[in-house]
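**Student:** Here's a structure for you.
The values are calculated or read from the model by the stated rules, or taken from the named source; none is laboratory data. All of these numbers come straight from a predicted model, not from anything done at the bench. Here the Cβ is made from the backbone with ideal geometry for all residues, glycine too, and neighbour counts use every protein chain on show. Remember, those area values only see protein heavy atoms, side chains included, never the ligands or the DNA or RNA. Shrake-Rupley method; radii C 1.70, N 1.55, O 1.52, S 1.80 Å.
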Amino acid sequence: MLVIFPFRWIDPPTSAFMLRETRARGQAVQHRFVDGREISPHLSVAVLAAEDQRFPTHGGLDWKEIGAALEDSLDGSPRGASTLSQQLAKNLFLWPGRSWLRKGLEAWFTV
């Protein structure tokens, strides 16, 4: 917990996603953090519309979507139910792929 606490106020220097890409390409990922005020409000709305419509209300974990995804997986049609917060946790700290371990860690980091 203490390891991630500073990221509440400090931009992380890199992410697990960027480290994987750096290793795969043999060169560092070029990036620059941008203040939210520098991003078009239309882009923010588009991302929320495409990825996480209940972002303002679910607090990080969308239990309604998680339940629906579990039902779908029992019917043989697995699908994702990650919120933007969960996607950020995965990209910053974890690895790609699907496993219950990764999902559990993703939920922990999200909260």
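**Student:** Return the only residue of 88, 43 being of a type outside the set (Lys, Arg) and more than 15 Å from the chain's Cα centre (by Cα). Even if it seems obvious, please write down each step before you answer.
**Tutor:** Values: 88 fails: more than 15 Å from the chain's Cα centre (by Cα).
Unique residue meeting the criteria: 43.
**Student:** Moving to a separate point now. Could you list, ordered by first residue, the pairs with Cβ atoms under 8 Å in which the first is in segment 16-42 and modelled with pLDDT under 90 and the second is open to solvent by less than 100 Å² (accessible area, probe 1.4 Å) and of a type in the set (Asp, Glu), at least 6 apart or interchain?
**Tutor:** 29/21; 33/11
**Student:** Quick one: in segment 88-101, of everything that is modelled with pLDDT of 90 or more and among the aromatic types (Phe, Trp, Tyr), which residue is surrounded by the fewest Cβ atoms within 10 Å (Cβ to Cβ)? Lay out the reasoning, then the answer.
**Tutor:** Step one: of segment 88-101, the residues modelled with pLDDT of 90 or more are 88-95, 101.
Narrowing the set further to residues that are among the aromatic types (Phe, Trp, Tyr) leaves 93, 95.
On the way: 93: 18, 95: 13.
Once the filter is applied, the top-ranked residue is 95.
**Student:** Can I ask one more? Could you check residue 76 against (1) more than 24 Å from residue 20 (Cα to Cα); (2) modelled with pLDDT of 90 or more; (3) of a type in the set (Gly, Ala, Ser) and say which number it fails?
**Tutor:** Here residue 76 clears every test but (2).
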